Amino acid sequence: MTGETGRVGGDRQIRFSGSGGQGLQLSARILAEAALHDGWSVAHSQGYEPTSRGGLSRSDLVLSRGVIDYPLVTSLDVLVILDDVGATASTSLLTHRSLVIVDAERVTEPPLGPWTVQRLACTATARRLGNERTANVVCLGALLALTPVCTVDSLTAALRDEVSAKLIDLNLEALAAGRALISQTAGVATPAAAPAAP
Amino acid sequence: MIPVGRRNLQGNHACAYAAIAAGCRFYAGYPITPSSEIAEKMSLELPRVQGVFVQMEDEIASMGAVIGASLGGVKAMTATSGPGFSLKQENLGYAAMVEVPCVIIDVMRGGPSTGMPTRPAQGDLMQARWGTHGDHPIVVVTPASVGEIYTETVRAFDLAERLRTPVIVLYDETVGHLVETVDVPDLSDVTSAQRKWASGPKETFLPYADPGDGVPEMVRPGDGYRCHTTGLTHGENGFPTQRPAEVEEMTRRLLGKLERHRDVIDRFETVRTGDAHIVVVAVGIAARAARRAVVEARAKGIAAGLFRPITLWPFPEAAFREVVAGADAVLVVEMNAGQLALEIERLVGRRGKVARLNRISGEPIGPDEILANIEELARHGHR
């Protein structure tokens, strides 16, 4: 808890939100580990309801090249919404610079405003791969393609560390499918920023 | 295996690793949100260092087991949250009375009662000081970051051992569940504090005699020193007494021993308080928001500063009085209905205005809100 500045240029604030059990904490943990590997300082906070599944769940990351004085998000660069339960919960943290990634199937009414909304078929893609529960990792792949906060290699390594061995192939497929969603989607937010396919 | 070096670490995990690094080898507890990760980590790590982890039937028994283990000569701890902290209070008072070193972690959630298990609050600030009955000594430390949970947990064990007192490590759910990139120090070569063991002639040994610094020597089981341990008011020989002079002397020593060691107990952080006209006081996650608010207020030309008690009780009042000597307004920011403000109002007295910013909704207080309150004070001439 040192550092004298408020939010500095180059910091990133990212929120994963949705319904408890969708792997939102896992997504943030994987991205946090990858970001650490790539030299970021990380603050990862969370909010969830006292239920084993369901309810509003969120997982937040503040990434900084310096010291993080205040570890909670104050204005989001990226908001991921994977379920309607999270549709309006974070609107006060959005600005015209925010990118909002919503699941095309489970979010029927994305927050409306001067920000960019990207509707992506995360759940449908995960289902096609054989396990709907990998929608969070599909989304992570898409997020990386839209805003490359870390390298693909670091994210892949973090994924391998966090996911059990018997599910790793499925998750690597999900990650690749998520990245492919962006290269296939017309009118993406930042297509030029997407890294090359492996 | 205690991780060292640069890594992402959760506050509660930092607490568990720090405890083991400080030499803790006994944990008894009853898991409760938002402290459960401490029990979980201790259950994995303690057996690896030949320590003992016991999941007890409830919080009352947990506190009893911790006291028993410590009397047996082992550094011991438990962890809980508000509802469990309430249950521990009777045995906590016993530990303070018979002077048993132990560490209690209270990760604060929304209250009162069962409250909001997963939401942050700072509603136990006064319970940590006055939760058990009677005048009693207690040390409470309040870390505000993952790194500080590590260092303060280590310090909690050191203070407990050196001063023969329960030490409470008190932090909010936000800090407990927060994962931050930290540099975990390698403490394997550091010798953490040990209690003073009974020495000298066995025949004349008095287990509660003051050796000069207010902290009696402890009897190590098996060393052959006679000892009697009771929560009844006792004399130097450890046996119950109601003789007024003896009671007065023993109780004054018990209460006074912390005052005699303020040099190692008091700890605080100040940010730009040197010329501050408005001093913000906060702990935990609220203090981190306050730090940013103070920096932003300075950028707007307002002479604001932050006083952050790291040791909450006994309150580092000498340092605080010095900081506020030149200020004319103090803003107390707390995630409760106003607890620390009572102590601050006592210390500031009539010399300045004490304003409050409180939140009891289960949400943290953000930097913008604190800044707005600082600006409001500045508008009224406190600049």
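The values are calculated or read from the model by the stated rules, or taken from the named source; none is laboratory data. On a predicted model such as this, the values are computed, not experimentally measured, just so you know. Neighbour counts run over all protein chains shown; Cβ positions are idealised from the backbone, glycine included. Ligands, DNA and RNA are stripped out before the accessible areas are found, and what is left, the full protein with its side chains, is counted by its heavy atoms. Shrake-Rupley method; radii C 1.70, N 1.55, O 1.52, S 1.80 Å.
Screening region A:1-21 for residues that are at pLDDT below 95 and in contact with a helix residue (DSSP H, G or I) (Cβ under 7 Å, 6 or more places away or on another chain) and picking the one that is surrounded by the fewest Cβ atoms within 10 Å (Cβ to Cβ) gives A:E4.
Before we move on, is B:E248 closer than 24 Å to B:W313 by Cβ, exposed (fewer than 14 other Cβ atoms within 10 Å of the Cβ) and touching a residue at least 40 places away in the same chain (Cβ under 8 Å)? No; evaluated as a whole, the condition is false for this residue.
Can you say whether A:G47 is touching a residue at least 24 places away in the same chain (Cβ under 8 Å) and either more than 19 Å from B:T118 (Cβ to Cβ) or of a type in the set (G, A, S) (or both), as far as the supplied structure shows?
no
Take region B:152-176 and flag every residue that is of a type in the set (S, T, N, Q) and within 11 Å of chain A (Cβ to nearest Cβ). Reasoning before the result, please.
Looking only at region B:152-176, we keep the residues that are of a type in the set (S, T, N, Q), and these are B:153, B:165, B:174.
Across region B:152-176, the qualifying residue is only B:T174.
Inside region B:1-48, residues that are assigned to a strand (DSSP E or B) and either within 15 Å of B:T78 (Cα to Cα) or away from chain A (no Cβ under 14 Å) (or both) make up a count of 4. Taking the criterion of being more than 10 Å from every other protein chain (Cβ to nearest Cβ) and either in contact with a strand residue (DSSP E or B) (Cβ under 8 Å, 6 or more places away or on another chain) or open to solvent by 10 Å² or more (accessible area, probe 1.4 Å) (or both), the residues of region A:26-36 that qualify are A:L26, A:S27, A:L31.
Scanning region A:39-70 for residues that are touching a Gly at 6+ places or on another chain (Cβ under 9 Å), within 10 Å of chain B (Cβ to nearest Cβ) and part of a loop (DSSP other than H, G, I, E, B) gives A:Y48, A:E49, A:T51, A:G55, A:V67, A:I68, A:D69, A:Y70. For the list (1) within 19 Å of the chain's Cα centre (by Cα); (2) more than 30 Å from A:A34 (Cα to Cα); (3) of a type in the set (D, E), I need the number of the one condition that B:E57 fails. The single condition B:E57 does not satisfy is (1).
Out of B:L340, B:L371, I need the residue that is within 20 Å of B:I285 (Cβ to Cβ), of a type in the set (A, V, I, L, M) and within 14 Å of chain A (Cβ to nearest Cβ). Which one?
B:L371
Only a single item in (1) free of Cβ contacts under 8 Å to residues at least 40 places away in the same chain; (2) touching a Pro at 6+ places or on another chain (Cβ under 8 Å); (3) farther than 24 Å from B:Q89 by Cβ; (4) among the hydrophobic types (A, V, I, L, M, F, W, C) is not met by B:L232, and it is number (3). So in region B:185-213, with the set limited to residues that are under 21 Å from the mean Cα position of the chain (by Cα) and open to solvent by less than 30 Å² (accessible area, probe 1.4 Å), which one is farthest from the other protein chains (Cβ to nearest Cβ)? In this case the residue turns out to be B:R195. Among the residues in region B:119-136, are any out of contact with any Asp or Glu (no Cβ under 8 Å at 6 or more places or on another chain), open to solvent by less than 20 Å² (accessible area, probe 1.4 Å) and not acidic (D, E)? Looking for residues that are out of contact with any Asp or Glu (no Cβ under 8 Å at 6 or more places or on another chain), open to solvent by less than 20 Å² (accessible area, probe 1.4 Å) and not acidic (D, E), one finds at least one in region B:119-136, hence yes.
Just so you know, in region A:104-125 the residues that are in contact with a helix residue (DSSP H, G or I) (Cβ under 8 Å, 6 or more places away or on another chain) and in contact (Cβ under 8 Å) with a residue 40 or more places away in the chain include one that is surrounded by the most Cβ atoms within 10 Å (Cβ to Cβ), and it is A:C122. Highlighted here are the helices (runs of 4 or more DSSP H) found entirely within region B:92-211 that include at least 2 residues which are touching a Pro at 6+ places or on another chain (Cβ under 9 Å) and farther than 23 Å from B:S361 by Cβ: B:146-163.
Scanning region B:137-155 for residues that are open to solvent by less than 20 Å² (accessible area, probe 1.4 Å) and under 16 Å from B:L9 (Cα atoms) gives B:P143, B:A144, B:S145, B:V146, B:I149, B:Y150, B:E152, B:T153. If A:E132 meets every condition in (1) touching a Pro at 6+ places or on another chain (Cβ under 8 Å); (2) open to solvent by 10 Å² or more (accessible area, probe 1.4 Å) apart from one, which number is that one? Tallying (1) touching a Pro at 6+ places or on another chain (Cβ under 8 Å); (2) open to solvent by 10 Å² or more (accessible area, probe 1.4 Å), A:E132 fails exactly one: (1). Pairs are defined by a Cβ separation below 6 Å, a sequence spacing of at least 6 or placement on different chains, a first member in region B:313-340 that is under 27 Å from B:T174 (Cβ atoms), and a second member that is among the acidic types (D, E) and in a loop (DSSP other than H, G, I, E, B); the pairs so defined are B:P316/B:D266.
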